[in-house]
Structure formats: C-alpha cells, structure tokens
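A quick write-up on the structure given underneath.
The values are calculated or read from the model by the stated rules, or taken from the named source; none is laboratory data. The model shown is predicted, which means the values in this text are computed figures rather than measured ones. With ideal geometry, Cβ positions are generated from the backbone for all residues, glycine too; neighbour counts draw on all protein chains shown. Note: areas computed on protein heavy atoms with side chains; ligands, DNA, RNA excluded. Shrake-Rupley method; radii C 1.70, N 1.55, O 1.52, S 1.80 Å.
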Amino acid sequence: MTEVPGMPPVIGILGGSGLYDIDGLEERHWRTISSPFGNPSDDIMEGILDGQRVLFLPRHGRKHHLPPSAVNYRANIDALKRAGATEILSLSAVGSLKEEFPPGHFVIVDQFIDRTFSREKSFFGAGCVAHVALGDPVCTRLGEALELAAVAAGVTATRGGTYLAMEGPQFSTRAESKLYQSWDCDVIGMTNMPEAKLAREAELCYATVAMVTDYDCWHEGHSDVTVDAVIKVLHENAAKARAIVKEVVPLLAKRTESCHAGCQTALDVAIVTPPEARDPQLVGMLDAVAGRVLGG
C-alpha cells in the first residue's frame, strides 16, 4: 500500500490568551520536545479526543510568561511537527476593526498582513534558501471544517477575514487603528505571524480562529482597550473555543487522503539552493520541517 502523506491525521492546537486546556482530552500527558531552533513556549500536552490523537501547545506558556515578541514561533512549529502534527488549529485573541465584529464574535481568518518586525520568520536562510507560496496562507479544508464546527457549537463566526499582525506588546495608536481599517483589515492581533508562514514552510495544514475581545481604539463609542476588559471577554471566549474544538476534531479525524489544499507539498518547488551548495548544519536543523524534500 502506498503511504499517504499526513495520514493518519494528528491535530495540533496552538492555544492563545485565555485558552490553556482542551475539554475532554483523555490519556493526557505532557511531552518535552527539543527543537534545534530553541525552546518552544512549553511542553506539549498529548491526548486522545473522541478517538483522535491531539497535541496542545500553549503559545504563551501555561503561566502566560511569554509576550508575543518573545514567543519562539520557529521552535513551536518545529516541535509540533516533531511530535507528529499534520494540521494546526490556531486559536488567538484579537481586536476588531469592524463594527460588525463585536466582542465575542469569532472570525475564521483567510488572509494576513504582517506588520511584525523583530521575529525570525523562516526556517530557511543562508545555506539553504526557500520561497514558499503564500497567496492563500491558510488551509481551506481546515477553514471549511471550522465553519461547520462553529455552527454545530452554536458560536457566531464569520468565514473569511484579514488578520493584521502587529508587533506589540502595546495596543495600537488611534492613527494606526484607522490606517488598518483603511486597508480593509477585519481583526488585529500579535501572534499569527510568522506562525502561519512557518506552518506553510513546515508543510502543515494551518487555520486560525480569531476570537474578538474588543473593538480596537478606532471605535469612538468604545473605550480605549484595557487589559481588564480584554481578560473578561477572554474567559467568555475560551468556553466557545473549547466547544469549537470539541466539534471540529471528529470532522478532521474523518480524513482518509492527502489534504486537497496541497499543504503537505508546499516545498516541492520552493527550495532554490542546489544540493551541493547547501549548508549541512542548516540542513540538519531542517530534518523535521523539510526532511521530506531534503532527504532527512
């Protein structure tokens, strides 16, 4: 029998602010996964949910000790792939840039604008250069499943939207917020870039559920963003997020063939450095994320 890439599926979940656990996860245990790209945010919780293997990594650490700019996004994605993940669901708190997305609303993102500037954004570099396609930066198959899961969970969610990734940790100025509105962005957050880029480089299916905690400061009838206000909605959103996860895992577990979006072959035509010119040390570090095409 021919081996099908990414089968059986293993679902990785990156939990953002307010989400530090997965309801119903059985046989749970924490695994320490080492990465050549440094330390992941935390150990990875592994368990079984409705018969499906699930991995959970708290993006900021279990005690939320890592601000967005200090998260080692490369190590997180690398560790999840080393642990066996084939698809990643990213759950992230965001601010809203549109009136129709009030606090408590969820957006299943399909586009990003990356305004971060102090983060390592690629596994590749000098000694092994690669350029992955990112025109469609999320997995459409995961987006479809998340939309169905939100309906089943009774959670109000919009399919499709643009996520503006800012550096942080400060919230936006009013001028910045209005600028991002003029770009027709829908939500603003601090964590999904370069996360989505790195997931594509690692040939992992990736999708984001953006959980609105507040209107960003553009909103004249809404007070400026405060941590207290955000935390209150965070807790309310966490229950909704757990309900979506409970519904989406069985849907993803039914996959019996390679992802139709082609996420698992993103590197087929991406690496431009010929084998004889590749840096052996960097190639060794890429054994998990790119071993399929580099021969690791």
Checklist entry - Under the condition of being more than 23 Å from G51 (Cβ to Cβ) and open to solvent by less than 30 Å² (accessible area, probe 1.4 Å), which residue from the stretch 226-250 is modelled with the lowest pLDDT? => result V230
Checklist entry - Picking from M190, M211, M285, which residue would you name as being aliphatic (A, V, I, L, M), open to solvent by 10 Å² or more (accessible area, probe 1.4 Å) and under 30 Å from T173 (Cα atoms)? => result M190
Next on the checklist: Out of I231, I188, I244, I need the residue that is part of a strand (DSSP E or B), under 29 Å from A152 (Cβ atoms) and not hydroxyl-bearing (S, T, Y). Which one?
Outcome noted: I188
Item to check | Condition check for R115: of a type outside the set (A, V, I, L, M, F, W, C), in contact with a Phe, Trp or Tyr (Cβ under 6 Å, 6 or more places away or on another chain) and under 22 Å from G168 (Cβ atoms) | outcome: no
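For (1) modelled with pLDDT under 95; (2) closer than 20 Å to A266 by Cβ; (3) surrounded by fewer than 20 Cβ atoms within 10 Å (Cβ to Cβ), each residue gets a yes or a no:
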position: R31; (1), (2), (3): no, no, yes
position: F37; (1), (2), (3): no, yes, no
position: V54; (1), (2), (3): no, no, no
position: P67; (1), (2), (3): no, no, yes
position: N76; (1), (2), (3): no, yes, no
position: A79; (1), (2), (3): no, yes, no
Checklist entry - Mind checking which residues of the stretch 170-190 are of a type in the set (S, T, N, Q) and over 21 Å from P102 (Cβ atoms)? => result Q170, T173
Checklist entry - Residue check: is H222 of a type outside the set (V, I, T), more than 19 Å from P8 (Cα to Cα), modelled with pLDDT under 95 and in a loop (DSSP other than H, G, I, E, B)? => result yes
Item to check | Selected residue [open to solvent by less than 10 Å² (accessible area, probe 1.4 Å), of a type in the set (A, V, I, L, M) and either more than 13 Å from D110 (Cα to Cα) or at pLDDT 95 or above (or both)] from A157, A196, A175, A152 | outcome: A196
Checklist outcome for this item: All conditions in (1) of a type outside the set (A, V, I, L, M); (2) open to solvent by 30 Å² or more (accessible area, probe 1.4 Å); (3) at pLDDT 95 or above; (4) assigned to a loop (DSSP other than H, G, I, E, B) are true of D23 except (3)
Checklist outcome for this item: Filter the stretch 133-149 for residues that are surrounded by fewer than 21 Cβ atoms within 10 Å (Cβ to Cβ) and hydrophobic (A, V, I, L, M, F, W, C); the one that is farthest from P250 (Cα to Cα) is A133
Checklist outcome for this item: When every residue in the stretch 1-20 that is at pLDDT below 85 and under 24 Å from M193 (Cα atoms) is compared, the one most open to solvent (accessible area, probe 1.4 Å) is Y20
Checklist entry - Just to be sure, is A253 of a type in the set (G, A, S), touching a residue at least 60 places away in the same chain (Cβ under 8 Å), open to solvent by less than 50 Å² (accessible area, probe 1.4 Å) and closer than 20 Å to A79 by Cβ? => result no
Item to check | Unmet requirement for S118, which otherwise passes all of (1) among the polar types (S, T, N, Q); (2) surrounded by fewer than 22 Cβ atoms within 10 Å (Cβ to Cβ); (3) assigned to a strand (DSSP E or B) | outcome: (3)
Checklist entry - If only one of I77, I88, I48 is touching a residue at least 40 places away in the same chain (Cβ under 8 Å) and either at positive phi or in a strand (DSSP E or B) (or both), which one is it? => result I88
